[in-house]
Amino acid sequence: MTSKIFWVLAALCLAGSAAAQKSEPADTADRIRAQLVARHDVEISSEVAAKIDRLPLKEGDAFAEGDVLVAFDCSLYRAQLAKAEATATAASREQAVTSKLAALHSAGALDVAQAQARAKEAAADAAYMRTTVSKCTIRAPFAGRIAKRDAAPYEYVTPGKPLLEILDTGALEVKSIVPSKWLAWLKPGAKFTVHVDELDADYPAEVVRLGASIDPVSQTIGMSGRIVGAPAELLPGMSGWVNFASHKPE
């Protein structure tokens, strides 16, 4: 939502600047407003109905890829898994015995088919419970930080309940809106500088991709870039200015 608001405001600001300076075309401006956004902004939700056993991280905490974000009390599911696996083992043995009896002409084809069906059904039930138990622990899909926590330890949650919002802070993107006339020279890989207001510091960056369409009213296009080196002090939501002055061709 924040990103969408930024795009609207940036487009309005750029259009207004162009209208206020009719004697100076929009494509002569070297400084364009920009915002830093996370490459991944993910809401983690529960896939099982269970009580939260562990929720170790709080808002602002950092985590590494593979760290435990949420752990549920799944003792009931594990008991059901043990039962399902025992049933699957018994059904498999029954199938083997029935097949041997059929070879001795002591069991019919129908008996063999029914034994096979029961073994497949039991195996499917066991696989389903193994999958359910695997969802009792949620691990971080990437390194980042906790942006928001929507649940608490010992809370009982249902499938679909939002638990955490996590951000990939190691790969921030620079979002900006530039004049469409810049497409004559602006390409992926082009270098530029980002001045971050909150830190009052400049960072080298490069264009990663350009938007798929041009806004017909403001004659602008979206641009996404990345800051070289991924400095640790940068955070999503920081804003500043994109400067092409020293990189723009004559």
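Look at the range 210-226: where a residue is touching a residue at least 12 places away in the same chain (Cβ under 8 Å) and of a type in the set (D, E, K, R), no partner that is crowded, with 17+ Cβ neighbours inside 10 Å and part of a loop (DSSP other than H, G, I, E, B) sits 6+ places away or on another chain with Cβ atoms under 7 Å. Exactly one residue out of A201, A147 is under 30 Å from K51 (Cα atoms), at pLDDT 90 or above and of a type in the set (G, A, S), and it is A147. Is the range 186-201 home to any residue that is free of Cβ contacts under 8 Å to residues at least 12 places away in the same chain, of a type in the set (D, E) and out of contact with any Pro (no Cβ under 6 Å at 6 or more places or on another chain)? The answer is yes, given that some residue of the range 186-201 is free of Cβ contacts under 8 Å to residues at least 12 places away in the same chain, of a type in the set (D, E) and out of contact with any Pro (no Cβ under 6 Å at 6 or more places or on another chain).
For first residues located in the range 232-245 and in a loop (DSSP other than H, G, I, E, B), partners that are small (G, A, S) and lie 6+ apart or on another chain with Cβ distances below 6 Å form the pairs P236/A38. Looking across the range 173-209, just one residue is touching a Gly at 6+ places or on another chain (Cβ under 8 Å) and of a type in the set (S, T, N, Q), and that is S176. Quick one: would you say A117 is at pLDDT 95 or above, of a type outside the set (D, E, K, R) and closer than 30 Å to Q95 by Cα? Criteria met by A117.
For the range 45-61, a residue qualifies if it is outside any loop (DSSP other than H, G, I, E, B) and surrounded by 19 or more Cβ atoms within 10 Å (Cβ to Cβ), and the qualifying residues are A50, I52.
Return the total of residues in the range 189-208 being surrounded by 13 or more Cβ atoms within 10 Å (Cβ to Cβ) and part of a strand (DSSP E or B). So that I can check it myself, show each step before the final result.
Initial filter on the range 189-208 (surrounded by 13 or more Cβ atoms within 10 Å (Cβ to Cβ)): 190-196, 198-199, 201-203, 205-208.
With the extra rule that they be part of a strand (DSSP E or B), the set shrinks to 191-196, 201-203, 205-208.
Within the range 189-208, residues that are surrounded by 13 or more Cβ atoms within 10 Å (Cβ to Cβ) and part of a strand (DSSP E or B) number 13.
Give the range 35-65 a look and list any residue that's within 22 Å of the chain's Cα centre (by Cα), small (G, A, S) and modelled with pLDDT of 95 or more, or say none. The answer is S45, S46. Scanning the range 70-88 for residues that are among the basic types (K, R) and either part of a loop (DSSP other than H, G, I, E, B) or under 30 Å from P162 (Cβ atoms) (or both) turns up just one, R78. Just name the residue that is least open to solvent (accessible area, probe 1.4 Å) out of those in the range 220-231 that are of a type in the set (A, V, I, L, M) and outside any strand (DSSP E or B). The residue in question is A230.
Condition test on V217, is it surrounded by fewer than 16 Cβ atoms within 10 Å (Cβ to Cβ) and closer than 15 Å to A38 by Cα? Full working, then the answer.
Details: surrounded by fewer than 16 Cβ atoms within 10 Å (Cβ to Cβ): yes; closer than 15 Å to A38 by Cα: no.
Spelling it out, it is not the case that V217 is surrounded by fewer than 16 Cβ atoms within 10 Å (Cβ to Cβ) and closer than 15 Å to A38 by Cα.
For the condition more than 30 Å from E85 (Cα to Cα), without any contact (Cβ under 8 Å) to a residue 40 or more places away in the chain and of a type outside the set (V, I, T), A109 does not qualify.
Taking the condition of a type in the set (A, V, I, L, M, F, W, C), open to solvent by less than 30 Å² (accessible area, probe 1.4 Å), in contact (Cβ under 8 Å) with a residue 12 or more places away in the chain and touching a Gly at 6+ places or on another chain (Cβ under 7 Å), does F72 pass? Don't jump to the end; show me each part of the working.
Working: of a type in the set (A, V, I, L, M, F, W, C): yes; open to solvent by less than 30 Å² (accessible area, probe 1.4 Å): yes; in contact (Cβ under 8 Å) with a residue 12 or more places away in the chain: yes; touching a Gly at 6+ places or on another chain (Cβ under 7 Å): no.
So F72 fails the test.
The values are calculated or read from the model by the stated rules, or taken from the named source; none is laboratory data. All figures in this text were calculated on a predicted structure; none of them were measured in a lab. With ideal geometry, Cβ positions are generated from the backbone for all residues, glycine too; neighbour counts draw on all protein chains shown. For accessibility, only protein heavy atoms count, side chains too; no ligands or nucleic acids. Shrake-Rupley method; radii C 1.70, N 1.55, O 1.52, S 1.80 Å.
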